[in-house]
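Report on one structure; see the data block that follows.
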Amino acid sequence: MSKLYVVGIGPGDWREMTLRADEALRGCDCIVGYTLYVDLIRGRYPDKEYRATAMRGEVERCRVALELAREGRTVAVVCGGDAGIYGMAGLILELRDGDESVEVEVVPGLTAAIGGAALLGAPLGHDFAVISLSDLLTPWADIERRLEAAAAGDFCVALYNPGSQKRRNHLRRACDALLRHKSGDTVCGVVRNVARAGEETWLMTLNELRDYEADMFTLVFVGNTRTRVVDGRMVTPRGYRDV
Ligand code: SAH
């Protein structure tokens, strides 16, 4: 039986990859992934055969990976962050469906929200929701319903895919949905290029976030009613000091 790993490589810096992910990448013959992620690891695993593909080619990328595995090669499909969070793990399992000749192993990785949260301080210290603002595969009405529900439940929210050249006003529309149940003073944090060159962080209010121009390398955190700024860091208290 051939082996196909679906590997989360973490947010960027090699030191934030897990030992298990490194083991899978060292052990495989062939690495398949979106160009950006492949370029992040190529220098570390120079002797591998690489198949780098463009951003929207997800189904094709996974078919190629499964085909290479069926031919007998040990294959690793790499994803940024975690492979199961807006990544390829689900698609690989769906496409493999019923094919006993390929064994799939999903190797977890540090998702961008965890890396970004550590940079800001501790914004996810209590219950939180993760919502993607990409409406390529999800109707905007569903995204808005989830934003409102998270805000009504006073969840902290991590927003993935807050913007791109084609989706300029998504973040503003998302803020407006959140503002139906959250105050305009809610503490928010923005991180860009977590664990990559050009890493940056900002703190602002939810009102200010409406005017922030996010790109596809940005991750946004919206606090709950108890989130505050402590010495320049974003903190959502769990409540230890209240007891
Ligand atoms: N599987 C990935 C998420 C892919 S969705 C993970 O678990 O992290 C792509 C979105 O994730 C980007 O638009 C951005 O919002 C966020 N993201 C991924 N890596 C990031 C990084 N290093 N810095 C900032 N945001 C990142």
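Here are some notes:
- Radius of gyration over Kirkwood radius for the stretch 1-131, both on Cα atoms: the Rg/Rh ratio is 0.99.
- The reciprocal of the average 1/r between distinct C-alpha atoms defines the Kirkwood hydrodynamic radius, which for the chain equals 18.9 Å.
- Sparsely packed GluC sites (Glu not before Pro) within the stretch 1-89, loop by DSSP, other Cβ within 10 Å at most 11: Glu71
- P(r) histogram, all alpha-carbon pairs of the stretch 174-216 included - 10 Å bins from 0, percent: 27, 48, 22, 3
- Relative contact order of the stretch 116-181, pairs being alpha-carbon contacts under 8 Å that are 6 or more residues apart, as %: 37 percent
- Pairwise FRET efficiency - Glu58 versus Tyr240, Cβ, R0 = 35 Å, nearest 0.05: 0.25
- Principal-axis tilt of helix 140-152 within the chain, Cα atoms, nearest 10 degrees: 50 degrees
- Ala141 versus Arg51: modelled label distance in nm, points set 7 Å from Cα along the beta carbon direction: 3.8 nm
- All aspartates and glutamates inside 12 Å of Lys48 as judged from Cα atoms, apart from same-chain residues fewer than 8 positions distant: Asp29
- Sorted peptide list for 138-149, 78-89, criterion being average Cβ within 10 angstrom, highest first: 78-89, 138-149
- Helix-only [θ]222 nm of the chain, DSSP H runs n ≥ 4, -39500 (n - 2.57) each, per residue, nearest 500: -8500 deg cm²/dmol
- DSSP beta bridges fully contained in the stretch 122-235 are about 75 percent antiparallel.
- Rounded if a/c under 1.5, otherwise prolate or oblate - the stretch 129-229, Cα gyration tensor axes: oblate
- The DSSP beta bridges internal to the chain are antiparallel in roughly 40% of cases.
- Relative contact order [Cα under 8 Å, 6+ residues apart], the stretch 1-84, whole percent: 51 percent
- Once you divide the Cα radius of gyration of the stretch 52-127 by 2.2 N^0.38 Å, the number left is 1.34.
- Bridges between two residues of the stretch 1-130, per DSSP, are antiparallel at a rate of about 5%.
- For the stretch 17-68, taking Cα atoms only, Rg and Dmax work out to 11.0, 29 Å respectively.
- Partners for Lys166 among aspartates and glutamates (Cα-Cα distance below 13 Å; same-chain residues under 8 apart left out): Asp135, Glu213, Asp215
- Of the trypsin sites (Lys or Arg not before Pro) found in the stretch 156-226, those in coil by DSSP whose Cβ has at most 12 other Cβ atoms within 10 Å are Lys166, Arg168, Arg180.
Where a number appears in this text, it was derived from the coordinates with a stated rule and is not lab data. Remember, it's a predicted structure, so these values are computed and weren't measured experimentally. Positions of Cβ are generated from backbone atoms using ideal geometry, with glycine treated the same way; all protein chains shown enter the neighbour counts.
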